[in-house]
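Below is one structure, written out as structure tokens; the observations come after it.
Readers should treat all values here as calculations from the given coordinates under stated rules, not as data from a laboratory. These numbers were taken from a predicted model, which means no experiment stands behind them. Note that each Cβ is placed from the backbone with ideal geometry, even for glycine, and that neighbours are counted across all protein chains shown.
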Amino acid sequence: MNAKSLITVTLVGSLILGGSSLALAGPGNGKGGQAADAPASAVVDPDLTEVEISDLRYMREEEKLARDVYLTLDEQWGTQTQVFARIALSEETHTSTVDYLLDKFGVEDPVVNDTIGVFTNQELQALYNELVARGKASFIDALYVGALIEEKDMRDILAAINQTDERPIIIAYSNLLDGSKSHLRAFVWVIENQGLSYEAQLLDPEEVRLILEDESAVEE
């Protein structure tokens, strides 16, 4: 438990839930077709709880959602910025990282179809559709969608870290958290280059400010 406390001390406890489907979807909520149990044929690590299994499956598709949204928005806005294409490559690594954990712990992979925009979890399916539609409205909307996804990822990753004692999972989730911080900074950098001032969309504004001002961070 000490490892988790060190990881989450600056962010846990003041995460803000929004009123859209972003607030409804999340790891460990047991909704949206997100089954916690792997099929009987799978050899699931007996040390994993149902919550840990559900979180792993959710994280796998949530990272895929980020990748898919960014690839889709890059098709429309790629001539104006490379941020979507660049971060989509990172998200591919992130979803593969969670896939490795699924294999390691014998958990069924929810990604049965890796086609862009196709999800097993129906809340994430609806969220993908919502975010893509919003991001296609304008270039600025697309950038804010990217930043929103990264804030949501951080919120959900922190929640999942707090629900596991498995060291490999904590380490992997912590790496995903660092990646989301880096991605948020990248989107905000482009937003501010458009003459706008970014304000937090899901997380506490002070937490977002600290993330954006972290000069020691290394961008992915």
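Structure notes:
- Sequence-ordered 3J(HN,Hα) estimates for segment 202-212 from the Karplus curve with 6.51, -1.76 and 1.60 and θ = phi - 60° stand at 10, 7, 4, x, 5, 5, 5, 4, 5, 5, 5 Hz, glycine and proline given as x.
- The gain in end-to-end length when the Y100 to D214 segment is fully stretched comes to 38.1 nm, 0.36 nm per residue minus the alpha carbon separation.
- Packing-based order for 59-66, 87-94, using average beta carbon neighbours within 10 Å, highest first: 59-66, 87-94
- Linear extension gain, V112 paired with E206, 0.36 nm per residue minus alpha-carbon span: 30.0 nm
- Derived scalar couplings ³J(HN,Hα) [segment 106-122; Karplus, 6.51 cos²θ - 1.76 cosθ + 1.60; whole Hz; x for Gly, Pro]: x, 9, 4, 7, x, 7, 8, 9, 8, 4, 4, x, 10, 9, 6, 6, 6
- Estimated vicinal HN-Hα couplings, Hz - segment 71-77 in sequence order (Karplus 6.51, -1.76, 1.60; Gly, Pro = x): 5, 5, 6, 5, 4, 8, 10
- Ratio Rg/Rh [Cα only; Rh per Kirkwood] for segment 51-186: 0.96
- Kirkwood Rh in Å, taken over segment 133-220 so that all alpha-carbon pairs contribute: 13.7 Å
- Gained length - D45 relative to R86, 0.36 nm times residue gap less alpha-carbon distance: 11.3 nm
- Percent RCO, i.e. relative contact order, over segment 90-165, from Cα pairs under 8 Å lying at least 6 residues apart: 11 percent
- Peptides 138-145, 96-103, 173-180 ranked from most to least packed give 173-180, 138-145, 96-103, packing being the mean of other C-beta atoms within 10 angstrom over each peptide's residues.
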